[in-house]
Amino acid sequence: MNEKLTASMEKYLEGIYRLTSEGKLVRTGELVKFFNVAPGTVTNTVRRLKKKGLVIHHPYKGIRLTDKGLKLALNAAKKYEVLEHFLTDVLRVEKVLARQLTFSIGYHVPDDVVTKIGKLLSKA
């Protein structure tokens, strides 16, 4: 998919995916806590995601991913999972720090590099 997202947008899609369970809506307050950011930051990012057709926002109820948003979120989640496992299993980075690093660098790591890391991890 050629939908170009910013690092922040990719991170939010992945975060919404993680916080969503059994079709429940994710409230903006949950995203504020999850990302440790100001409410205005969440509002602005959700607005941009909605404009791209990646989320549906029901005011005062919550947010859910569209099919298009879910596809991008799943790709990001897989990428972040591989990177997090590499950091924790190979480099022995503490889990909390590994998650923070994954959110910081994950967007910038090319998909082909993530694929190579995944293959390396599957051999270990």
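Each value in this text was obtained by applying a stated rule to the coordinates, not by laboratory testing. Worth saying up front: this structure is predicted, and the values here are computed from it rather than measured. We place every Cβ from the backbone using ideal geometry, glycine too, and count neighbours over all the protein chains shown.
In table form, for the structure just shown:
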quantity: Residues of the stretch 75-111 satisfying the condition of being of a type in the set (Gly, Ala, Ser) and touching a residue at least 12 places away in the same chain (Cβ under 8 Å); calculated: Ala76, Ala77, Ala98, Gly106
quantity: Residues of the stretch 7-47 classified as within 22 Å of Ser104 (Cα to Cα) and touching a residue at least 40 places away in the same chain (Cβ under 8 Å), total; calculated: 10
quantity: Hits in the stretch 11-33 - residues which are under 13 Å from the mean Cα position of the chain (by Cα) and surrounded by fewer than 16 Cβ atoms within 10 Å (Cβ to Cβ); calculated: Arg18
quantity: Test: residue in the stretch 106-124 that is in contact with a Ser or Thr (Cβ under 7 Å, 6 or more places away or on another chain), farther than 15 Å from Leu5 by Cα and hydrophobic (A, V, I, L, M, F, W, C); calculated: no
quantity: Complete set of residues in the stretch 5-60 that are more than 15 Å from Leu74 (Cα to Cα) and among the basic types (Lys, Arg); calculated: Lys24, Arg27, Lys33, Arg47, Arg48, Lys50, Lys51, Lys52
quantity: Meets criteria (out of contact with any helix residue (DSSP H, G or I) (no Cβ under 6 Å at 6 or more places or on another chain), assigned to a helix (DSSP H, G or I), touching a residue at least 24 places away in the same chain (Cβ under 8 Å) and basic (Lys, Arg)) for Arg64; calculated: no
quantity: Which listed residue is surrounded by 16 or more Cβ atoms within 10 Å (Cβ to Cβ) and either touching a residue at least 60 places away in the same chain (Cβ under 8 Å) or among the polar types (S, T, N, Q) (or both), from Leu54, Leu72; calculated: Leu72
quantity: Leu83 touching a helix residue (DSSP H, G or I) at 6+ places or on another chain (Cβ under 6 Å), of a type in the set (A, V, I, L, M, F, W, C), surrounded by 17 or more Cβ atoms within 10 Å (Cβ to Cβ) and assigned to a helix (DSSP H, G or I); calculated: yes
quantity: Number of positions in the stretch 6-42 that are farther than 15 Å from Phe103 by Cβ and part of a loop (DSSP other than H, G, I, E, B); calculated: 8
quantity: Residues within the stretch 86-104 that are of a type in the set (A, V, I, L, M, F, W, C) and surrounded by 13 or more Cβ atoms within 10 Å (Cβ to Cβ), tallied; calculated: 6
